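The values are calculated or read from the model by the stated rules, or taken from the named source; none is laboratory data. Computed from a prediction, not measured in an experiment: that's the story for all the values here. Virtual Cβ from ideal backbone geometry, glycine too; neighbours counted across all protein chains shown. Areas reflect the complete protein model, heavy atoms only, side chains present, ligands, DNA and RNA absent. Shrake-Rupley method; radii C 1.70, N 1.55, O 1.52, S 1.80 Å.
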Amino acid sequence: MSTVTKKPLPKTLKALVGEHIPTSIRNEKEYDKALKLIGRLLQIPKLTKGQAVYLNTLSDLIHCYEQEHHRIDPSGTTGLDVLKFLMEEHQMSASDLGGLLNTSAGQGSRILNGQRSLTLEHIKILGKHFRISPDVFMD
């Protein structure tokens with residue numbers, strides 16, 4: 001069984017743009033490509049300034065596309081729904097959540113089952129870990 005290794009992403013904005021020019025997203029194929037690129041950028045522990053600018057630009061373009069083509073009615077979405085979605089996207093288990101929140105796997109499971117609420121500290125940790133505003137986890 002062989003593994004496919006992707007070459008590392010460039011560190012400068014100019015080099016990143018040279019590989020993939022961030023333009024408006026017009027279809028699902030371009031959308032998927034942009035999401036995969038963002039996923040790769042988010043795996044980099046410490047982004048360079050160029051990578052961060054590129055990530056922000058690509059995020060804005062994805063946001064615009066999603067507003068038009070993947071709009072979700074947030075009125076029924078809870079912080080727990082967001083957490084479950086993000087955990088699924090990052091292939092995390094209840095045990096992983098417990099470890100991330102510096103608590104037990106059982107606590108992670110109780111949070112996911114709605115038996116235990118997220119604390120303010122948990123919300124801050126989740127925001128930082130997923131690189132999004134902690135507000136999305138608040139109900």
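Key figures
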read-out: Of all residues making up region 113-131, the number that are free of Cβ contacts under 8 Å to residues at least 12 places away in the same chain and either polar (S, T, N, Q) or part of a loop (DSSP other than H, G, I, E, B) (or both); value: 5
read-out: Filter result for the condition that a residue is open to solvent by less than 40 Å² (accessible area, probe 1.4 Å), over 18 Å from the mean Cα position of the chain (by Cα) and not hydrophobic (A, V, I, L, M, F, W, C), over Gln115, Gln107; value: Gln107
read-out: Residue in region 90-104 that is under 15 Å from the mean Cα position of the chain (by Cα) and open to solvent by 60 Å² or more (accessible area, probe 1.4 Å) present; value: yes
read-out: Single residue of region 96-139 satisfying the filter (charged (D, E, K, R) and modelled with pLDDT of 90 or more) that is nearest to Thr78 (Cα to Cα); value: Arg116
read-out: Region 99-132, residues that are under 22 Å from Leu42 (Cβ atoms) and touching a Gly at 6+ places or on another chain (Cβ under 6 Å); value: Gly108
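Here's the yes/no breakdown for (1) in contact (Cβ under 8 Å) with a residue 40 or more places away in the chain; (2) open to solvent by 90 Å² or more (accessible area, probe 1.4 Å); (3) assigned to a helix (DSSP H, G or I):
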| residue | (1), (2), (3) |
| --- | --- |
| Ala15 | no, no, yes |
| Arg26 | no, yes, no |
| Lys33 | no, yes, yes |
| Lys36 | no, yes, yes |
| Leu41 | no, no, yes |
| Gln51 | yes, no, yes |
| Asn56 | no, yes, yes |
| Ile62 | no, no, yes |
| Glu68 | no, yes, yes |
